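Report on one structure; see the data block that follows.
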Amino acid sequence: MTRVLVVEDDPQLVRALVINLQARHYGVDAAPDGATALRLAAARQPDVVLLDLGLPDMDGVDVIKGLRGWTRVPILVLSARQASDEKVAALDAGADDYVTKPFSMDELLARLRAAVRRTEDTPLVPETTMVETEHFSIDLLAKKVLRDGKDVRLTPTEWHLLEILVTNPRRLITQKQLLQEVWGVSQSKKTNYLRVYMAQLRRKLETDPSRPRYLITEPGMGYRFEG
């Protein structure tokens with residue numbers, strides 16, 4: 001049974017989530033605040049966490065950081081905060097997805113299933129040696145890309161960006177994460193670097209670079225690879 005930890009201080013929403021999750025045969029634990037959430041996560045080892053950012057005792061971002069200190073459990077943020085910088089802060093701290101309130105229960109459950117599926121389907125990075133799409137293939141060990149049977153020449157920077165994205169399939173990687181990983185902490189605000197290099201990658205890999213199928217932009221937030 002998949003276990004879900006619901007971290008939310010609104011009793012009515014907790015009740016709705018518990019009823020809907022249990023009806024679909026999920027095991028559910030609920031925490032009304034951050035401290036209880038961290039304690040329950042350690043004790044119950046949930047398979048996925050649904051987390052409100054506005055908790056009575058601490059900010060939800062601090063809960064994310066506390067969890068990320070020891071677990072890679074998928075974290076789906078549920079929040080009424082709609083500003084992109086709030087979303088980016090949660091994703092940079094280690095959240096996997098962000099659902100803005102009010103939300104449809106069907107959408108939330110679909111995202112929850114996708115998060116659980118990613119953890120089950122995605123092998124550990126060292127075991128991921130080949131990434132195959134309809135239009136190109138990537139050999140992570142040989143550091144080679146083939147498109148229509150021909151070598152695609154990538155610069156070291158282009159390769160580094162592509163490697164980060166394809167080893168985290170379908171997961172949003174924030175601009176800040178990519179900039180820090182590829183160019184270093186001092187360049188974490190140079191988003192123009194990313195735009196230039198992502199455009200170059202799309203020209204080399206996408207059939208229609210202006211309407212990318214694989215290298216997807218989440219405006220103001222980051223990028224994801226859809227394999």
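Observations, loosely collected:
- GNM top mover of Asp29, Asp85, Asp208 - the chain, alpha-carbon springs below 10 Å: Asp208
- Nearest 10 degrees, 0 to 90: helix 191-205 Cα axis against the chain principal axis: 60 degrees
- Under 5 Å from the amide H of Leu51 lie the amide H atoms of Val7, Leu76, Val77, Leu78, each residue being 5 or more positions distant or on a separate chain, with H modelled from the backbone and absent for Pro and chain starts.
- Rolling a 1.4 angstrom probe over the range 48-200 with all protein chains present gives an accessible area of which 50% lies on carbon and sulfur atoms.
- Spin-label pair Ser210-Met1: with each label point 7 Å from Cα along the Cα-Cβ axis, the two points sit 5.4 nm from one another.
- Relative to the longest principal axis of the Cα atoms of the chain, the long axis of helix 105-121 lies at roughly 60 degrees.
- Integer Hz, Karplus 6.51/-1.76/1.60 couplings in order for the range 84-100, x for Gly and Pro: 5, 5, 5, 5, 4, 4, 5, 5, 5, 6, x, 5, 9, 7, 9, 10, 8
- Between Val166, Val196, Val131, the Gaussian network model of the chain with springs among Cα atoms under 10 angstrom shows the greatest mean-square fluctuation at Val196.
- Sites counted here are GluC sites (Glu not before Pro) in a DSSP loop (not H, G, I, E or B) having no more than 12 other Cβ atoms within 10 Å; the longest part of the chain that contains none of them is 1-133.
- In plain terms, the chain from Asp106 to Lys190 could stretch by 26.5 nm, reckoned as 0.36 nm per residue minus the Cα-Cα distance.
- Calculated from backbone phi, Karplus (6.51, -1.76, 1.60) coupling profile of the range 144-157 in Hz, x at Gly/Pro: 10, 10, 10, 10, 6, x, 10, 4, 9, 7, 10, 6, x, 5
- FRET efficiency estimate (nearest 0.05) - Cβ-Cβ, Ala83 to Ala142, R0 41 angstrom: 0.45
- Available extension along the chain between Glu132 and Leu13 is 38.7 nm, counting 0.36 nm per residue and deducting the alpha carbon span.
- Length added when fully stretched, Thr71-Arg44, from 0.36 nm per residue minus Cα-Cα: 8.5 nm
- Between Tyr98, Tyr214, Tyr193, the Gaussian network model of the chain with springs among Cα atoms under 10 angstrom shows the greatest mean-square fluctuation at Tyr193.
- Pairwise Lys count, the chain - Cα closer than 20 Å, eight or more residues apart or different chains: 11
- Rounded to the nearest 10 degrees, the angle from helix 34-44 to the longest Cα principal axis of the chain is 80 degrees.
The values are calculated or read from the model by the stated rules, or taken from the named source; none is laboratory data. Predicted model only: the values in this text are computed from it and were never measured. So basically every Cβ, Gly included, is an ideal-geometry build from the backbone, and we count neighbours across all protein chains shown. Just the protein is used for accessible areas: all its heavy atoms, side chains included, with ligands, DNA and RNA removed. Shrake-Rupley method; radii C 1.70, N 1.55, O 1.52, S 1.80 Å.
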